[in-house]
Amino acid sequence: MQPPHFSKQSRILGTMGSVPFQKLISAFNFQRLLRPGHVTQNSSGELGTSKMIPRRLVLHMIPLNFCLHAEALEMKEPEVIRSQKLDSGVRIQDIIDGEGEEAHEGDFVEVNYVCRRSNGYFVHSTVDQFSGETSPVVLPLNEKEIIKGLKEVIIGMKVGGKRRALIPPSVGYVNETLGPIPDEFGPRRSLLSHVKEPLIFEVQLLKVL
């Protein structure tokens, strides 16, 4: 199966000042993910992104091989088509409207996703940060098996569509049996250590099965 095409539009995580080296590395490789950027929530509850780090600062702090990706800093973010807030508290931004089959309650769907904390720190993804390889997952749109907030995000999407959403903990990982959960110990532990805080999910719907 051909991996989906992901936008290379990217912004750097974090703010001006002292930036951890590993954070910069992750930021450069976020151009390989669904829609990279430092997602924050302002006082009114709206999702947004932080300011870009100047190119000259980044280039002084990273190895030469990572400089090849510096042009991504100057690209604009994808435009948000529409925003909505659900009764559950989930906030959704549509990035791309799909043109394929629509996902409904009870369907099985194949998706790629990126999960981050609300401060922008990476938690888990089906897209490898370094190689760009994808490992899509199949999810049942049933809140007994996946977190309710993510189910609400995916329902109504059409194949090819992309959404970004802020999911509050009340409709998130309320117990450890709910998916999606990474198989690997490290990512699983990282995810479960943040279940009591809002999480950002960026989802691309690949198939309705």
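The values are calculated or read from the model by the stated rules, or taken from the named source; none is laboratory data. Given the structure is predicted, the values throughout are model-derived calculations rather than measurements. As a convention, Cβ positions derive from the backbone with ideal geometry for all residues, glycine included, and neighbour counts pool all protein chains shown. Just so you know, the surface numbers come from the protein's heavy atoms only, side chains and all, with ligands and any DNA or RNA stripped out. Shrake-Rupley method; radii C 1.70, N 1.55, O 1.52, S 1.80 Å.
Only one of the numbered conditions (1) part of a strand (DSSP E or B); (2) touching a helix residue (DSSP H, G or I) at 6+ places or on another chain (Cβ under 7 Å) is not met by residue 129, and that is (1).
Against the condition of a type in the set (Asp, Glu), in contact (Cβ under 8 Å) with a residue 24 or more places away in the chain, surrounded by fewer than 20 Cβ atoms within 10 Å (Cβ to Cβ) and under 21 Å from residue 88 (Cα atoms), how does residue 145 come out, does it pass? First the steps, then the outcome.
Details: of a type in the set (Asp, Glu): yes; in contact (Cβ under 8 Å) with a residue 24 or more places away in the chain: yes; surrounded by fewer than 20 Cβ atoms within 10 Å (Cβ to Cβ): yes; under 21 Å from residue 88 (Cα atoms): yes.
Yes.
Step by step: first the residues of region 161-186, then only those that are surrounded by fewer than 16 Cβ atoms within 10 Å (Cβ to Cβ) and within 17 Å of the chain's Cα centre (by Cα), then the one that is farthest from residue 118 (Cα to Cα). Which residue is that?
Taking region 161-186 first, the residues surrounded by fewer than 16 Cβ atoms within 10 Å (Cβ to Cβ) are 168, 170, 174-177, 179, 183-186.
So of that shortlist, the ones also within 17 Å of the chain's Cα centre (by Cα) come out as 168, 179.
Values: 168: 10, 179: 19 Å.
Among residues in region 161-186 that are surrounded by fewer than 16 Cβ atoms within 10 Å (Cβ to Cβ) and within 17 Å of the chain's Cα centre (by Cα), the one farthest from residue 118 (Cα to Cα) is 179.
Between 125, 26, 83, 135, the distinction of being among the hydroxyl-bearing types (Ser, Thr, Tyr), open to solvent by less than 40 Å² (accessible area, probe 1.4 Å) and either at pLDDT 55 or above or in contact with a Ser or Thr (Cβ under 6 Å, 6 or more places away or on another chain) (or both) belongs to 125 only. Restricting attention to region 158-203, the residues that are touching a Pro at 6+ places or on another chain (Cβ under 6 Å) and of a type outside the set (D, E, K, R) add up to 3.
How many residues are open to solvent by less than 30 Å² (accessible area, probe 1.4 Å) and either out of contact with any strand residue (DSSP E or B) (no Cβ under 6 Å at 6 or more places or on another chain) or free of Cβ contacts under 8 Å to residues at least 24 places away in the same chain (or both) if we restrict to region 89-114? First the steps, then the outcome.
From region 89-114, those open to solvent by less than 30 Å² (accessible area, probe 1.4 Å) are 89-90, 92-95, 98, 103, 109-114; that's our starting set.
Going one step further and asking which of them are either out of contact with any strand residue (DSSP E or B) (no Cβ under 6 Å at 6 or more places or on another chain) or free of Cβ contacts under 8 Å to residues at least 24 places away in the same chain (or both), we end up with 89.
Going through region 89-114 one residue at a time, the tally reaches 1.
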